[in-house]
Amino acid sequence: MNLGNKIIYQIYPKSFQDTNGDGIGDLQGVIRRLDYIKELGADYLWLTPFLRSPQYDNGYDVADYRSIDPRYGTMEDFEELVEEAGKRGMYLMMDMVFNHCSTGHEWFQKALAGDPYYRDFFIIRKGKDGGLPPTNWVSKFGGSAWGYLPGTDEYYLHLFHVSQADLNWENPHVRRACCDIVNFWMEKGVRGFRFDVINLISKPDVYEDDLAGDGHRFYTDGPRIHQFLHELNRGSFGRDDEVITVGEMASSNLENSIRYTNPQSEELSMIFDFHHLKVDYPSGNKWEVQPFRFRDLKHNLFEWQQEMEKGGGWQSLFWYNHDQPRIVSRIGDDGKYRVESAKMLATALHGLRGTPCIYQGEEIGMTNAGFRDISQYRDIETLNVYNEMKLKGKTDGEIYRSLGCKSRDNSRTPMQWDGTENAGFTDGTPWIEVNPNCAFINTLDREDPDSIFQHYKKLIALRKELPVISQGDVTPLLEDDEKILAYRRSLNGEELYVICNFFGGETVLPDGILPDSWKLLLDNYPGEAWDGRSLRPYEAVMVIS
Ligand code: GLC
Ligand code: CA
């Protein structure tokens, strides 16, 4: 399969389209909007989890891997969705959360009740003397990574929320159970899987304190990770060439990322790596507000592009998802140059080597939420961090500035279909507030040839048309330039150039970069043709020779 000409569209069902007025998006809502996604040109629809769950982490706490959460609909709705997508030539990609399950899952409940078979599904250890947890590891959402089992001297590991108990992948029954779940959904016609935090499933043999950090170095790309993924591949999706998979791999290194995705390893089709997004918190603390470092962004993007190419690995190309702020607010300009910068960012990414993934609302340039009070936030991580910041004595001003830039809720506000009060998302009260800028940022302007939507459509169409985009090599250009990100793609003598001004001032493309015979393919400024030299604020061009 040519992964390079496929497009993934990510749907956060809770915030996509509500059809029954309860303020929560649902599967019928996705069905209602399939034509819209088709119009854009996507091939795969990645839906974040809609399985039965107490929703402490919006469905990433699965309580039953084989049933649809009633908030989202029924199995019949799901089957209808697969069928309706199929009629339009699109496939479903499900989100499989296999590092942990909800403590409400039958497995955990049986473990709690003392059933030894299910106790071994989890990572349960005795605490240290003095009532301390087994290690000093820190949960990704704050606090200890160990949950106390009442009435015992034992703890269970939870790298995320206390309601998300880590599964013990050393246990072959756990690995078998995960294969069975994937097979169950494949039989229902699912043709793609996104594996949640899958680079964390292999834990070390010995559980010890991390004297130099929060513990993540012991379990990121852990000792048996490749064996586990290979086994999952062989036992489920790997039997069908038509199925594509993507692993969420925050903090994985290049060597492992190549191995995860080189077809010879028979592990995954591609990964999401996040190195290019860590450029606005160089100190490692994501909550610290800092401007993004352009040089680091270029360096990370190109290093990964080139090394993955060399090693035969494959990446998904993305600017954000449901865990990251909106890119036009983060790296672009969500004010004066919102349209130009949104198109520029799209151009910069969609010319690269990989499989693009577009997050709902990105194609219309949606912005951060603009929340000003903690009562507007819903995300468990944000609420935890808020409490921690309060305890540390931060002022409200500092706290809201940080959350306003960084919270995951920034990308979770409802999809802006139209300019009415609830943006066409719901007739009821939305579970999280709609951004009032839906009055002027919504899908209704997509017929306009100069809309952001049309720009995405063109980029997608070019990728499908031109092998140099879907299969060509990547060569970075102007690596030291402080304003311009530029690269060349080449395939069998054909060359494509992508040139992007990442800032709000004008700049000039140095001489000698483009060959004499260049021809403009795409520009994000309508009207006057590009002069081959000067770049207006956030101007981005694609040129062929
Ligand atoms: C992934 C998900 C995120 C979730 C976490 C724990 O990072 O994308 O939303 O909170 O895993 O499952
Ligand atoms: Ca609903």
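Any read-out appearing in this document is the output of simple, stated calculations on the displayed coordinates, not a laboratory observation. Treat the numbers as computed from the prediction; the structure is a model and nothing was measured. Positions of Cβ are backbone-derived with ideal geometry, glycine not excepted, and every protein chain shown enters the neighbour counts.
Sort out for me the Cα centre separation of the range 1-64 from the range 429-466, rounded to whole Å. Computed from Cα coordinates, the inter-centre distance equals 17 Å.
Cross-link partners of K390 among lysines, defined as those whose alpha carbon lies under 21 angstrom from its own and excluding same-chain residues fewer than eight positions apart: K140, K286, K406. Sorted fewest first by neighbouring Cβ atoms within 10 angstrom, E309, E465, E363, E528 come out as E528, E465, E309, E363. The separation of the range 97-150 from the range 173-197, counted between C-alpha centres, amounts to 23 Å. Relative to the compact-globule estimate of 2.2 N^0.38 Å, the Cα radius of gyration of the chain comes out at 0.96. Legend: distances between Cα atoms for K343/K464; K336/K392; K278/K336; pairs beyond 27 Å are K336/K392.
Only beta bridges with both residues in the chain are counted; by DSSP, about 60 percent of them are antiparallel. With all pairs of different C-alpha atoms in the average, the Kirkwood value for the hydrodynamic radius of the range 440-545 is 14.8 Å. Annotation: aspartates and glutamates with alpha-carbon distance below 14 angstrom to K87 (same-chain offsets under eight excluded): D35, E39, D43, E79. Taking every Cα-Cα distance in the range 1-140 and sorting them into 5 Å bins starting at zero, the pair-distance distribution P(r) comes out as 2, 9, 15, 17, 15, 12, 9, 8, 6, 4, 2, 1, 0 percent. Listed by chain and number, the aspartates and glutamates placed with their C-alpha closer than 16 angstrom to that of K298 are D273, D280, E307, E479, D480, D481, E482; residues fewer than eight positions away on the same chain are left out. Relative to the globular-protein estimate of 2.2 N^0.38 Å, the Cα radius of gyration of the range 328-381 stands at 1.37.
Note on S257, S490, S375, S329: ascending count of other Cβ atoms within 10 Å places them as S375, S490, S329, S257, the fewest first. Where only DSSP H runs of four or more residues are counted, the chain gives -8000 deg cm²/dmol as its mean residue ellipticity at 222 nm, each run worth -39500 (n - 2.57). Each listed q (0.13 Å⁻¹) maps to a log10 I(q)/I(0) for the range 236-288, found by the Debye formula over equal Cα scatterers with no solvent: -0.41. In sequence order, the range 355-362 has phi-based couplings of 10, x, 10, 10, 8, 3, x, 4 Hz under the Karplus curve 6.51 cos²θ - 1.76 cosθ + 1.60, θ = phi - 60°, and Gly or Pro positions carry x. Exposure proxy ranking for K390, K298, based on other Cβ atoms within 10 angstrom of each Cβ and starting from the fewest, stands as K390, K298.
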